[in-house]
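Here is the structure we will look at.
The values are calculated or read from the model by the stated rules, or taken from the named source; none is laboratory data. Note that the structure is a prediction, hence the values are computed from the model and not measured. We place every Cβ from the backbone using ideal geometry, glycine too, and count neighbours over all the protein chains shown.
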């Protein structure tokens, strides 16, 4: 049985979501849109998402471009890049003419969105398989509006080695390549943020010696709370926060460890442990909602999604998480930091025009 929430606490949580900005640092939106566009659907954000985002108080959504392994294993890197660009165009097509959404290219855009009723979309790549070892491709993607990237997803590419997939349990060795080092330096020159959520342990250790600017883990949990190699160790969390980074609370059952249905409880345990270890200023949200993407991928293959993995039904479920944290005794100022302030501080620092 999960946490039973009191009505007065729920009312307070709803008010906090009306008064404070909410940030989700990881959502596989572009890929879902492309898959659904190919099946003839349009206006998906307005129909399926916008009202829920507003009810949740969402002000910034970090839209992740994810390329499935079936595409990344093709021999021609141009095919991978083509899928990336198609996903970006699918997102831009949905945003075009929608005055409620703004692409965030720099700190000025971010500050403007926070003063309006708009929602900001920050574009990043969940893996850089598409560039091979070519830095000019990274610059090309920056010009398209991409403002961050992970070196790799849970696989090996020309830049680095990823950790195991969420449903597996194994340590995967492998170091960041010389090309990967060059990419990190180029990303910092361009003011692109670096995400280490899918990097293996060796790679995480190396990033600490390569990166000169703060990096983050957009969608990871605590390995001490739930032993999964997609989660960070205590030492990694301390090192991450020590260099100015933030980790986003992952809302996938396999990573949160809530397969028995105790979703709110496990999410709270991660958030509470991370806050105690690093301080709430280094804890945010990176929900990694995958069911919508997986549903679209299944439909593209003529199938139906058989198992759902999201801990929360959609972004409105964040109100329940806020209420649960408050009811369990977390300080309101810490809850507000996790809701969005921590991630906003980070992006204000690392985006073009930041400190």
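Taking the criterion of being in contact with a strand residue (DSSP E or B) (Cβ under 6 Å, 6 or more places away or on another chain) and surrounded by fewer than 22 Cβ atoms within 10 Å (Cβ to Cβ), the only residue of the range 1-27 that qualifies is 21.
Table: residues versus (1) surrounded by fewer than 17 Cβ atoms within 10 Å (Cβ to Cβ); (2) farther than 21 Å from residue 279 by Cβ.
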| position | (1), (2) |
| --- | --- |
| 312 | no, yes |
| 315 | no, yes |
| 321 | no, no |
| 341 | no, no |
| 352 | yes, yes |
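The range 1-103 holds helices (runs of 4 or more DSSP H) entirely within its bounds, and those carrying 3 or more residues that are at pLDDT 95 or above and farther than 27 Å from residue 194 by Cβ map to 7-19, 29-38, 50-56. Scanning the range 299-320 for residues that are over 27 Å from residue 17 (Cβ atoms) and either under 19 Å from the mean Cα position of the chain (by Cα) or in a loop (DSSP other than H, G, I, E, B) (or both) yields a count of 7. Of the residues 296, 323, the single one that is under 19 Å from residue 8 (Cα atoms) and in a helix (DSSP H, G or I) is 323. Considering (1) closer than 27 Å to residue 276 by Cα; (2) under 20 Å from the mean Cα position of the chain (by Cα), the lone condition that residue 224 does not fulfil carries the number (2). The residues of the range 197-222 that are outside any helix (DSSP H, G or I), free of Cβ contacts under 8 Å to residues at least 60 places away in the same chain, in contact with a strand residue (DSSP E or B) (Cβ under 9 Å, 6 or more places away or on another chain) and closer than 25 Å to residue 157 by Cα, listed by number, are 199, 200, 211, 215, 221. Among the conditions (1) surrounded by fewer than 21 Cβ atoms within 10 Å (Cβ to Cβ); (2) in a loop (DSSP other than H, G, I, E, B); (3) in contact (Cβ under 8 Å) with a residue 60 or more places away in the chain; (4) within 21 Å of the chain's Cα centre (by Cα), residue 281 misses just one, which is (2). Number of residues in the range 95-104 that are surrounded by 14 or more Cβ atoms within 10 Å (Cβ to Cβ) and over 20 Å from the mean Cα position of the chain (by Cα) equals 2.
Within the range 195-231, the residues that satisfy the criterion of being under 18 Å from residue 280 (Cβ atoms) and crowded, with 24+ Cβ neighbours inside 10 Å are 216, 217, 218, 219, 220, 221, 222.
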